[in-house]
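Engineer: Before I ask anything, let me first share the structure, which is written out below as structure tokens.
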Amino acid sequence: MGEHKKEVCVLAAAGMLGSSFDKVGFYHALEQNPDVIGCDSGTSDSGPFYPGAGKPRMNRRAAKRDLELMITEGVKRGIPVLIGSAGTAGADPNVDWLVEIAREIAAEQKLHFKLAEIKTELTHDQLQHYMEEGRLHPLEGAPEFTDRDLDSLARCISVIGAEPFIKALEDGAQVVIAGRSTDTSIFAAVPTMYGLGNGFAWHAAKVLECGTLATVFEKYHGSMLAWIREDSASIEPGHPEMTASPVSIVSHTLYENTNPFRLPEPGIVLETEDASYEQETERRVKITGTKLTKAPYTIKLEGVKFEGYRRVAVAGVSDPLILKQFDSWLQTCERDARNKIRAGMGLEPEEYRLRHLVYGNPKDPDTECVGIVFDIIARSPEEADGVISNVWHTALHVPIRDWEGAQSQAAFPFSPPTLMTQENGATYSFCLNHVIEVDDPLETCRFTYYDL
């Protein structure tokens, strides 16, 4: 598979596995005989819960539907299928989840293929090794990471580049399910393997990563195609009713980047300042002028720590007497709730976290209703339940000026008023936004192969 090609066609099935991509655009794209079918399956946009808990964000049935279409057509047509950032977070349990789905598809559809599993989590010992050798560096805005932080680390995941995908394909894999990956590496891997790992491959990959998000108008969510050459790349949507324009393509360099002209990837920097975008056909855009420069090979790390158990109560306030003294009312709610929590539960303020979020402007004379979110984090589910119950109940009956006697001051749209996230409200925070210097792009990977 390592021979050079003059042109490589890359198909991105969608911007996210499990988003239920459009079948018409997908099958229309397959008529172009792509050299690879790829799809991103994860993101850090959804926050630290998914890597912390090792849970997927996308629905299993929806993810299976999308993956089944990709694998079935890929195996039938002899096209490799690449999935990166498996199960949202790309942690080991997320990879296991998606590999299980792939095995299920193979059994149900009576398909036979070689499956590569790439796990990218680091152990505490591995991370400590990089720290001791001075090879761990914070990205802009990230604090230093110390041995004390290491003790509280729940999970650390490395974000791999294109090389692990290439290794899996060269080892004969027809389907690759990888842990956390740069979005672009999924789509740049096959062009690189065929000798076209140039700026156009990575520029096109940057556009392909989100599927049809880079079209003029995303009438149907789904497939995008790119043709990579030595001197250019061309991009068009799979669906025949959709179009790409120079503006829709160039605007995607602004997406999730601090600098649209310098886009770093492992070992390289994509430079788009001199890139030109031309309307090649009614539906297709041609890119020229993109450059690629070499850089030290670093791999990004994403790490999370456990914070406690979250509870949330949502309320609405429309009483005009409260709205005109809203700030003092809210301060009194918090003060009285903390006093009750101390007296009844024996908890001091530093033993839990309490904050409020206000939606609407109570000082605006035209405001008729303000929304409040009370958000707490405690050390155990039982403490979390007790704290939030004190908070929302206090908000019902805090005394106010200009009124005598009993009153109910906040309306709660749910019963019970307390809400929680998954895993009994288990809450995590990001604590690693760093890179490590590596000697080998594969050194954070663990490969397993299955003959299905």
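Engineer: Which members of region 19-45 meet the condition of being modelled with pLDDT of 95 or more, within 25 Å of the chain's Cα centre (by Cα) and open to solvent by 10 Å² or more (accessible area, probe 1.4 Å)?
Structural biologist: Listed by number, the residues that qualify are S19, S20, D22, K23.
Engineer: What are the residues in region 302-327 that are of a type in the set (D, E) and in a helix (DSSP H, G or I), if any?
Structural biologist: Scanning region 302-327 gives a single hit, D327.
Engineer: Here's something else I'd like to know. Please go through region 350-404 and pick out each residue that is part of a loop (DSSP other than H, G, I, E, B), closer than 16 Å to Q331 by Cβ and open to solvent by 40 Å² or more (accessible area, probe 1.4 Å).
Structural biologist: Across region 350-404, the qualifying residues are K363, P399, R401.
Engineer: Which of the numbered conditions does A116 fail, given that it passes all the others? Conditions: (1) open to solvent by 10 Å² or more (accessible area, probe 1.4 Å); (2) outside any helix (DSSP H, G or I).
Structural biologist: Tallying (1) open to solvent by 10 Å² or more (accessible area, probe 1.4 Å); (2) outside any helix (DSSP H, G or I), A116 fails exactly one: (1).
Engineer: Can you report the number of residues in region 405-418 which are part of a loop (DSSP other than H, G, I, E, B), over 15 Å from Q331 (Cα atoms) and not aromatic (F, W, Y)? Can you show your working first?
Structural biologist: First pass over region 405-418, keeping only residues part of a loop (DSSP other than H, G, I, E, B): 405-410, 412-417.
Within this subset, residues satisfying the condition of being over 15 Å from Q331 (Cα atoms) are 405-408, 412-417.
Subset that is not aromatic (F, W, Y): 405-408, 413, 415-417.
The number of residues fulfilling the criteria is 8.
Engineer: In region 55-72, what residues are open to solvent by less than 10 Å² (accessible area, probe 1.4 Å) and either farther than 16 Å from P93 by Cα or part of a loop (DSSP other than H, G, I, E, B) (or both)?
Structural biologist: D66, L67, M70, I71
Engineer: Between A173, A188, which is modelled with pLDDT of 95 or more, open to solvent by less than 10 Å² (accessible area, probe 1.4 Å), in a helix (DSSP H, G or I) and within 20 Å of F447 (Cβ to Cβ)?
Structural biologist: The match here is A188.
Engineer: Collect the residues in region 8-17 that are part of a loop (DSSP other than H, G, I, E, B) and open to solvent by less than 10 Å² (accessible area, probe 1.4 Å), keeping them in residue-number order.
Structural biologist: A13, A14, L17
Engineer: Scan region 236-284 residue by residue and report those that are more than 16 Å from F200 (Cα to Cα), open to solvent by less than 60 Å² (accessible area, probe 1.4 Å) and among the charged types (D, E, K, R).
Structural biologist: Result: R283, single match.
Engineer: Which pairs do you get when a residue that is touching a residue at least 24 places away in the same chain (Cβ under 8 Å), found in region 264-289, comes within reach of a residue that is open to solvent by 60 Å² or more (accessible area, probe 1.4 Å) and among the acidic types (D, E), reach meaning Cβ atoms under 6 angstrom, with the pair 6+ apart or on two chains?
Structural biologist: From residues that are touching a residue at least 24 places away in the same chain (Cβ under 8 Å), the pairs are K286/E278; K286/E280.
Engineer: Here's a check for you: in region 204-229, which residue that is in a helix (DSSP H, G or I) and not hydroxyl-bearing (S, T, Y) is farthest from A29 (Cα to Cα)?
Structural biologist: Filtering region 204-229 for residues that are in a helix (DSSP H, G or I) and not hydroxyl-bearing (S, T, Y), the one farthest from A29 (Cα to Cα) comes out as K206.
Engineer: Also, I was wondering about something else. Of (1) in a helix (DSSP H, G or I); (2) closer than 23 Å to I372 by Cα; (3) open to solvent by 50 Å² or more (accessible area, probe 1.4 Å); (4) not charged (D, E, K, R), L330 satisfies all except one. Which?
Structural biologist: Tallying (1) in a helix (DSSP H, G or I); (2) closer than 23 Å to I372 by Cα; (3) open to solvent by 50 Å² or more (accessible area, probe 1.4 Å); (4) not charged (D, E, K, R), L330 fails exactly one: (3).
The values are calculated or read from the model by the stated rules, or taken from the named source; none is laboratory data. Note that the structure is predicted; figures quoted are calculated from it, not measured. Neighbour counts run over all protein chains shown; Cβ positions are idealised from the backbone, glycine included. Ligands, DNA and RNA are excluded from the accessible area calculation, which covers all protein heavy atoms including side chains. Shrake-Rupley method; radii C 1.70, N 1.55, O 1.52, S 1.80 Å.
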